[in-house]
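Q: This is the structure I have questions about; it appears just below.
None of the figures in this text is laboratory data; all of them are computed from the coordinates on show. Values in this document were obtained by computation on a predicted structure and should not be read as measured data. A quick note on method: Cβ atoms are made from the backbone with ideal geometry, for glycine too, and the neighbour counts reach across all protein chains shown.
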Amino acid sequence: MINRQLQSIYRRLYSRFGAQKWWPADSAFEVIVGAILTQNTGWSNVEKALANLKKRRLLQPRRLYALPDEEMARLIRPAGYYNIKTARLKSFLKFFLDGYGGSIQKLSAVKLPLLRERLLAVKGIGPETADSILLYALHKPVFVIDAYTKRIFSRHRLIREGAGYDQVQELFTRNLKNQERFFNEYHALIVALGKNYCAKTNPKCGGCPLAFSRNSGIMLSKFT
DNA sequence: GACCAGGCACATC
DNA sequence: GATGTGCATGGT
C-alpha cells in the first residue's frame, strides 16, 4: 500500500522533472567534498567554493589535507560556515588518509553497516552527509533523507511531523527495493521538487505536482 | 531588509 | 530524549 504510494510519487516526480543525473561532479572525491560543503547551504554557493578548489587542483585528498586551514577557509568562503566546514573537511580527510590511504576503492570495500558507522564517527559527518557519500560517491543502496524529504512527506501525511532521520529513512527502505540507481534518482527528484515548490514560505507550494492525486491517497492541495 | 538554503555538534533542561 | 543555538555566504 505504502509501496504503491511511494512508487506513484516517484513516477509523477520523474514525469514532471525528468532524470536529474546526480551527483554533479567529476569524481567520487569531489562528491564527498561537495556533500560536506552543501550542509545547510544552497548548491550555487557550493559550486563557487568547488570551483575555487578545482582551479587550484586541490580536489585530491593529500593536496587538500596539506592546505593550511586559513587558506582552505578562504577558498571555501562562498559556501558559508567556512571555519566549521574547514574543520569538517580536515577531520574527514584525516579519517580517509589514515584509514584508507585516500583510496575510494579501499573505503568502498568496507561492508555497509560498518562503513556507515565509521563515517558517522567522523566529527562533522551526520546521517545525511554519510548517506550522501554512501549513495552518490560509493554507490551503496542507501536512501538519503534531507529537510525537503521530511517537509514534503510530512505535509502529505506519509510521516508524522517531527519524525527523526532514521524513522523517515525506514519508510523508504522498508517499502522500496534496495536499488542504488532508484534511490539515487528518487532523492534527487525530491530535491528538485523541494527547490521548485517546497520552500518554507512559497506560494507555488499550493500547486504542488503531488497534490490533486485521485488514486494515490495523496489528497492535500494546500500546505502551510 | 528579511528569509531561506541538499546539517551538525554542543549545551541545557 | 527533546529543544535551542551558533555557524555565514549569496540569492530572492
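Q: Over the stretch A:1-157, calculate the relative contact order: mean separation of alpha carbon pairs under 8 Å at least 6 apart, over the residue count, as a percent.
A: 23 percent
Q: Would you mind calculating the relative contact order of the stretch A:56-119 from Cα pairs under 8 angstrom and at least 6 residues apart, reporting the percent as a whole number?
A: RCO, the stretch A:56-119: 26 percent.
Q: Would you mind calculating the relative contact order of the stretch A:1-83 from Cα pairs under 8 angstrom and at least 6 residues apart, reporting the percent as a whole number?
A: 29 percent
Q: Once label points are set 7 Å from the Cα along Cα→Cβ at both A:Thr201 and A:Arg157, what is their separation, rounded to one decimal in nm?
A: Here the modelled spin labels are 2.7 nm apart.
Q: May I ask which of A:Lys21/A:Lys54; A:Lys90/A:Lys111; A:Lys55/A:Lys106; A:Lys150/A:Lys200 have a Cα-Cα span longer than 19 Å here?
A: Cα-Cα > 19 Å for A:Lys21/A:Lys54; A:Lys90/A:Lys111; A:Lys55/A:Lys106; rest within.
Q: Something else now. With a Förster radius of 30 Å, plug the Cβ-Cβ distance of A:Arg63 and A:Lys111 into 1/(1 + (r/R0)^6) and report the FRET value to the nearest 0.05.
A: 0.55
Q: List the trypsin sites (Lys or Arg not before Pro) within the stretch A:5-45 that fall in a DSSP loop (any state other than H, G, I, E or B) and whose Cβ has at most 15 other Cβ atoms within 10 Å. Could the numbers behind the result be given before it?
A: Working: sites: A:Arg11, A:Arg12, A:Arg16, A:Lys21; in loops: A:Lys21.
Answer in residue order: A:Lys21.
Q: Next up: If the reach is capped at under 17 angstrom between alpha carbons, list the aspartates and glutamates near A:Lys123, excluding any in the same chain fewer than eight residues apart.
A: A:Asp69, A:Asp98, A:Asp131
Q: Please give the calculated 222 nm ellipticity per residue for chain A, where each DSSP H segment of at least 4 residues contributes -39500 (n - 2.57) and the sum is spread over every residue; nearest 500 deg cm²/dmol?
A: -17500 deg cm²/dmol
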